[in-house]
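This report refers to the structure that appears directly beneath it.
The values are calculated or read from the model by the stated rules, or taken from the named source; none is laboratory data. Keep in mind it's a predicted model, so treat the numbers as computed, not measured. FYI the Cβ positions are ideal-geometry reconstructions off the backbone, even for glycines, and counts take in every protein chain you see. Surface accessibility is based on the protein's heavy atoms, side chains included, excluding ligands, DNA and RNA. Shrake-Rupley method; radii C 1.70, N 1.55, O 1.52, S 1.80 Å.
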Amino acid sequence: MNDYMALIFGVVCAGIGGELFVRGAVGLAHWARISPGIIGATVAAFATSSPELSVSINAALAGKPQIALGDALGSNVVNVALILALALVISGIQCPRESVKRDFPVALLVPIVTGVLFLDGELSRIDGLLMLSMFVAWLVAAVIEARKQRSAAEEVLGEHRGWLVVLSCVVGLAFLVTAGNFIVAGARGIAIAFGIDEFIIGATIVAVGTSVPELATTVIAKLRGHDEMGLGTILGSNIFNGIFIVAVAATIHPITVAWREVAIALVFGLVALAFTYPARAGFIERRRGILLLVLYAVYLVTIIQRQAA
């Protein structure tokens with residue numbers, strides 16, 4: 001199978017997997033009496049970030065952690081400035097501030113912490129372990145909140161057939177993982193043929209490829225009326241990418257990249273995220289989606305010019 005066919009096949013798998021996983025995850029939220037936002041920020045975020053994790057481990061083991069870093073940081077820009085932007089362009093997203101009070105500050109903190117740790121030009125194994133400890137603290141907070149919501153629920157809602165919920169999640173996840181593998185293989189082959197730098201490959205083409213599961217899940221969640229789950233998936237995915245996936249790569253193999261290259265992805269990721277904070281009324285307007293798409297175009301131009309320099 002050539003690179004272009006692998007890319008197309010991966011996109012098709014992502015669409016199928018995204019639909020199945022949204023159905024399963026929302027059913028799981030109702031079945032377990034947990035809000036879709038919590039499921040989106042944890043289960044769905046981890047599932048849709050699985051391609052990035054696969055790339056991270058493989059790249060680090062191969063002694064090329066720059067691809068892993070570029071993929072994770074680039075995916076965080078893509079998640080917000082392209083994927084969430086497309087969902088917003090479909091129509092604005094209803095998301096009360098209360099539903100993102102835990103994840104939004106952490107998602108904003110991630111690029112700042114990464115930037116500080118990279119000031120010396122290297123992300124060491126100790127830095128990776130520090131980031132992993134931050135991830136564990138966030139995950140514990142998410143689990144505690146989920147337990148509180150479960151105990152406060154009065155009745156089980158939604159899909160009562162537990163086996164169907166689990167089957168949808170598992171099959172959807174399998175399609176998403178398959179999609180990520182094919183997309184990465186195809187995208188990397190195409191990019192390498194054009195002689196692009198490893199970090200740039202990760203931050204652009206591979207980042208878009210591994211973010212297709214987030215795109216499928218978020219847009220389908222929006223079309224099916226589960227706004228909270230879509231935004232939760234994006235925020236959770238950014239946290240997974242920033243302090244889990246990058247940390248895993250750094251723990252396997254220290255990452256050395258020029259700070260200026262890293263700064264571009266970090267700054268654009270931070271600015272894009274800041275644009276998405278819900279208004280007091282709990283609504284993110286469609287116009288913000290257009291602004292985010294413009295920001296993504298500027299990001300691409302900036303990083304391509306950096307490659308050409």
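Counting only residues that are of a type in the set (S, T, Y) and open to solvent by less than 10 Å² (accessible area, probe 1.4 Å), which one in the stretch 255-299 is farthest from I201 (Cα to Cα)? Applying the filter and picking the extreme gives T276.
Entry remark, the stretch 219-230: residues being over 16 Å from the mean Cα position of the chain (by Cα), of a type in the set (A, V, I, L, M) and buried (at least 22 other Cβ atoms within 10 Å of the Cβ) number 0 in total. Of the residues making up the stretch 105-119, those that are assigned to a helix (DSSP H, G or I) and either in contact with an Asp or Glu (Cβ under 6 Å, 6 or more places away or on another chain) or buried (at least 19 other Cβ atoms within 10 Å of the Cβ) (or both) are V106, A107, V110, P111, T114, L117. Within the option set G37, G74, G24, G17, being in a helix (DSSP H, G or I) and at pLDDT 85 or above holds for one residue only, G74.
Would you say G10 is at pLDDT below 85, within 30 Å of G189 (Cα to Cα), in a helix (DSSP H, G or I) and open to solvent by 10 Å² or more (accessible area, probe 1.4 Å)? Spelling it out, it is not the case that G10 is at pLDDT below 85, within 30 Å of G189 (Cα to Cα), in a helix (DSSP H, G or I) and open to solvent by 10 Å² or more (accessible area, probe 1.4 Å). Looking only at the stretch 80-101, decide whether some residue is more than 13 Å from the chain's Cα centre (by Cα), open to solvent by 40 Å² or more (accessible area, probe 1.4 Å) and more than 22 Å from L292 (Cα to Cα). Looking for residues that are more than 13 Å from the chain's Cα centre (by Cα), open to solvent by 40 Å² or more (accessible area, probe 1.4 Å) and more than 22 Å from L292 (Cα to Cα), one finds at least one in the stretch 80-101, hence yes. Of the residues making up the stretch 45-79, just one is in contact with a strand residue (DSSP E or B) (Cβ under 8 Å, 6 or more places away or on another chain) and either open to solvent by 40 Å² or more (accessible area, probe 1.4 Å) or free of Cβ contacts under 8 Å to residues at least 40 places away in the same chain (or both), namely Q66. Residues in the stretch 188-218 that are small (G, A, S) and surrounded by fewer than 24 Cβ atoms within 10 Å (Cβ to Cβ): G189, A191, A193, G195.
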